[in-house]
Structures are given as structure tokens and as C-alpha cells.
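Student: Take this structure, written in C-alpha cells, and hold onto it; I'll ask about it next.
The values are calculated or read from the model by the stated rules, or taken from the named source; none is laboratory data. Computed from a predicted model, the values in this text were never measured in an experiment. Neighbour counts are summed over all protein chains in view; Cβ atoms, including those assigned to glycine, are modelled from backbone coordinates with ideal geometry. Keep in mind that these areas ignore ligands, DNA and RNA; they rest on the heavy atoms of the full protein, side chains included. Shrake-Rupley method; radii C 1.70, N 1.55, O 1.52, S 1.80 Å.
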Amino acid sequence: MNQPFTKPEFADSADAPAPGARPLDAVPMLDLQRQYERIGAEVLAAVERVCASQHYILGAEVEAFERELGEFCGAQEAVGCASGTDALWLALLAAGVQPGDQVLTTPFSFFASASAIARAGASPVFADIDPCTFNLDPAQAECFLRGGRRDKLRALLPVHLYGQCANMSSLQRLADEFHLSVIEDAAQAIGARWGSCKAGSMGVSAAFSFYPTKNLSAYGDAGLVTTRDREMAARMRRLRNHGSPRRYVHEELGWNSRLDAMQAAILRVKLKYVEGWNDARRERAARYDQLFAAAGIASTGGPAENAAPIQLPQTSTQAYHVFHQYVVRAYRRDELREFLTARKIGTEIYYPIPLHLQPCFVYLGYREGDFPQAERAAKEVLALPIFPELTEEEQRWVVKSIADFYC
Ligand SMILES: Cc1ncc(COP(=O)(O)O)c(C=O)c1O
């Protein structure tokens, strides 16, 4: 976003930036304390239940959580594990990915989307993103697939970034044509939908993270894989427990990636609230859209074609977005971020370095310029505070502050 920006003319006072915005001392990026104030008693009762049982690893709480989460996602099977990163690794192994294989994914995601592929012994390969949604672009994936470099390609791993599903209908069509498994990275997308299908019910399997910042979050690390395939689920249950179907018998090399009963019990409490929380996130995203429109500093066009300094997140018509993050593109992004930090307004950059340019992936042979949309997004994106308890007053102050920076 290198275009100049001229100060907007406001037709009348009703169009002035974020009317009614009152200066605040700070706006956090995420405040889990507010959630804890509402559900703390239930969480503590769940912790007490686990302590009373003296059963801390796997067991009844984990099985109940797996059942409830599977039902929530519309997946027949669910396998809890230690983190979202491990969930991806388990899903890749269970899908038959082997050393020497390749897995196609997006270059614009959290590191684990690609590192889990490498940890499974395979090579991540990338196709560029759709600049409107930041998700893997099916047209770019198709170019890769028709480009004839696919003899070792075993799977597609789309990421539902920021809480919006990747274009699963187009990607599944490609996967069918080229005989590939689809593994969803649904770490950021619990409750999101593509058409009528929930994240976690579309691929052969899907990985979820319950890292504390996620829409459904544990009080520590936790993850889970959903699948409709019973055999894959059975294999993942062995792999998460040292490849062991029964005590001290190890059929293959697995790892310790078991889910704690304590985390499962806490997640069971929170799962009941997640739809309401997602609705609240969607309401806050819509409110940001309105406030930015009223401030006259935003557009919803593509990334380049106009002079508004803020470009709002775009939602595909088929997507039910759960706004794990509300991410804008911002002109002079880094200066804006410093300005907001000085006002104690939390922001984040997800993600400043695309995966193909990470130092540890130099051996893959990619260079700057290979994925221009991902590289451009890395320079322009800025995540603003969003969580279910964020107040209207806080949102008004965020938007007013951004308008103050530009005007
Ligand atoms: C897209 C994506 N994939 C994978 C992960 C890995 O999850 P975890 O941090 O639970 O290992 C995360 C979360 O941080 C993520 O955002």
C-alpha cells in the first residue's frame, strides 16, 4: 500500500471518525481475565472434579471431550493430543504422509502449518494466497498441480486463517482430480463453516489448537484431530501414546502427545460457550467495519486499487467467518502500530515473515518474489483487538486512534 492518502472531507458531523470515542488508558489485544470472571466458578469446579478423580492423563474427561468436540464439528472421530502442532503431525502421519513426500500448503500461516510437514519427514511446498481472504488460492494451487511437479505430492494442507475457511469446494475438487488427501489446519477456526460444512468435517482429517489465545482455549497447551475415518483415529490414538496399542507394546514409533484430563475438563466447560463467543466476535467485526466506514478511512476493495489507508477484512460469500482475528491491511503499517502502541492499544502482526522465507526452510530453495501476495500481506497486515468481551467504547477508541494517525 504505497499510495498517498488525502484527509477525508466529512459531509456532516455524523460521518466524523468514530463519533463518541472517548480516550481510554489502554485497549488490550486480548483480555482473558474478563472471560475468567464469567466462567471461573465453572472452570474451578471442573478442575476440582479432575483432582477428586486423581486421573490426570487421557481417561474419561478426555474421552468425553473428544465425543463432544466431534459432535460439535460434525466429525465421527476426535483424538485429543498435546498441541495443535502435534495434531497436524498426527494427521499427516495418519493420512499416510511419509519421508520423501511433499505436502502443498500456504506460505502465509503460523510456522507449525509447515514445520509439522517437515517433522513428518515430508517437504512443504507452497502456492500463493488469495489477496482478498489471505487463504491458499485454489487457482495458484491448480497452477502448481498442472505444472507437473507433483509426483511426490501426497496431500493438500489448507489453513483456515484468522477464522475463515479456505475455499474448500475448489480445493477438494483439485484433491479429487489429483488423488490427494486434504488435511485442514483448523487451529484458528473452531465453529467456522464453508457453506453448510463445519471446519473439521471436510478433509480426511483436521487439526485444532486450543492454545490460550484461540477462540476455544485451554489453560495451557492442548490440541485435537477430527476425522471421519475410524482406522485413522485408531492409528492417531496409538501414535499419541508412543505407538502403543497396549501397555509396553510398541507397534511403531510414536511420541508422547497425550491430552491432560485437566485441560479436557476445562475445554468441556468452554465448548458450551464457543458458539456464543463466536457470535460476539462476528458482531464486533461488523462494528469495526461500520466504525471504519463512518471514519472514511477504509475500503473493502482489493489490496491495491484505491487510496484508503485501511483495507477491511473480506469474507467469501460461502464462508461463516469466526474472526479469531480481525486483520486489516494498513498503509504505513509499522508506523501506525507504533502510534497505537504509544496509546497502549494492542495490535499484532500475523505473520511478518512468510513461511517460504523462514531461515530454517532455506533448504527448500524458495526466494523472495516467489509468492508476491503472501510477501505483500506480511508487510501490510495488522490484527486489531478482538475478543467476545471487547466493548463498543474500546472499539470506538481503536478506530478513532487509527483515524487520528492518518488525518
Ligand atoms: C494456523 C495454526 N496452525 C497450527 C498452530 C499450532 O498450534 P499450537 O500452538 O497449539 O501447537 C497454530 C497455533 O498457534 C495456528 O495458528
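Student: Within segment 256-269, can you find the residues that are of a type outside the set (V, I, T) and touching a helix residue (DSSP H, G or I) at 6+ places or on another chain (Cβ under 7 Å)?
Tutor: Residues satisfying the conditions are S257, L259, A261, M262, A264, A265, L267, R268.
Student: Report yes if V225 is within 15 Å of the ligand (Cβ to nearest atom) and either free of Cβ contacts under 8 Å to residues at least 24 places away in the same chain or under 21 Å from G121 (Cβ atoms) (or both), otherwise no.
Tutor: yes
Student: Ok, one more. Could you list all residues from segment 174-193 that are closer than 16 Å to L153 by Cα and open to solvent by 40 Å² or more (accessible area, probe 1.4 Å)?
Tutor: Once the filter is applied, which keeps residues that are closer than 16 Å to L153 by Cα and open to solvent by 40 Å² or more (accessible area, probe 1.4 Å), segment 174-193 yields D176, E177, H179.
Student: Can you tell which of A264, A319, A330, A280 is of a type in the set (G, A, S) and more than 30 Å from E71 (Cβ to Cβ)?
Tutor: Just one listed residue meets the conditions, A330.
Student: Residues that are more than 16 Å from the ligand (Cβ to nearest atom) and open to solvent by less than 10 Å² (accessible area, probe 1.4 Å): list the helices (runs of 4 or more DSSP H) wholly contained in segment 41-145 that include at least 1 such residues.
Tutor: 60-73
Student: Another question, then. Given (1) more than 11 Å from the ligand (Cβ to nearest atom); (2) more than 21 Å from A94 (Cα to Cα); (3) not hydroxyl-bearing (S, T, Y), identify the lone condition not met by K214.
Tutor: Going through the list (1) more than 11 Å from the ligand (Cβ to nearest atom); (2) more than 21 Å from A94 (Cα to Cα); (3) not hydroxyl-bearing (S, T, Y), K214 breaks only (1).
Student: Consider A207 carefully, then state whether it is under 13 Å from the mean Cα position of the chain (by Cα) and either at pLDDT 95 or above or part of a strand (DSSP E or B) (or both).
Tutor: Answer is yes for this residue.
Student: Hey, any hits in segment 171-180 for a residue that's over 22 Å from the mean Cα position of the chain (by Cα), part of a loop (DSSP other than H, G, I, E, B) and away from the ligand (no atom under 16 Å from the Cβ)?
Tutor: Yes - at least one qualifying residue is present in segment 171-180.
Student: If you don't mind, there's one more thing I want to ask. Which residues, taken from segment 217-254, are more than 17 Å from A95 (Cβ to Cβ), in contact with a Lys or Arg (Cβ under 7 Å, 6 or more places away or on another chain) and not small (G, A, S)?
Tutor: Once the filter is applied, which keeps residues that are more than 17 Å from A95 (Cβ to Cβ), in contact with a Lys or Arg (Cβ under 7 Å, 6 or more places away or on another chain) and not small (G, A, S), segment 217-254 yields N241, P245, E251.
Student: Then there's this: Scan segment 241-286 residue by residue and report those that are touching a residue at least 24 places away in the same chain (Cβ under 8 Å), open to solvent by 60 Å² or more (accessible area, probe 1.4 Å) and over 22 Å from V43 (Cα atoms).
Tutor: Residues satisfying the conditions are W255, N256, R282.
Student: Against the condition more than 18 Å from D404 (Cα to Cα) and among the small types (G, A, S), how does G365 come out, does it pass?
Tutor: The answer is yes for G365.
Student: Okay, next question. I'm trying to understand the selection: among the residues of segment 199-211, which are open to solvent by 10 Å² or more (accessible area, probe 1.4 Å), within 16 Å of the ligand (Cβ to nearest atom) and among the small types (G, A, S)?
Tutor: S209
Student: Given S169, S196, which one is among the polar types (S, T, N, Q), free of Cβ contacts under 8 Å to residues at least 24 places away in the same chain and either open to solvent by 10 Å² or more (accessible area, probe 1.4 Å) or under 22 Å from S83 (Cα atoms) (or both)?
Tutor: Step by step, each of S169, S196 is checked, and only S196 is among the polar types (S, T, N, Q), free of Cβ contacts under 8 Å to residues at least 24 places away in the same chain and either open to solvent by 10 Å² or more (accessible area, probe 1.4 Å) or under 22 Å from S83 (Cα atoms) (or both).
Student: Next question. For segment 368-398, which positions are of a type in the set (G, A, S) and assigned to a loop (DSSP other than H, G, I, E, B)?
Tutor: Matches in segment 368-398: G369 only.
Student: Hey, can you tell me all the residues within segment 84-117 that are out of contact with any helix residue (DSSP H, G or I) (no Cβ under 8 Å at 6 or more places or on another chain), on the phi < 0 side of the Ramachandran plot and small (G, A, S)?
Tutor: A87
Student: I'm trying to understand the selection: among the residues of segment 184-198, which are of a type outside the set (G, A, S) and away from the ligand (no atom under 11 Å from the Cβ)?
Tutor: Scanning segment 184-198 gives I190, R193, W194, C197, K198.
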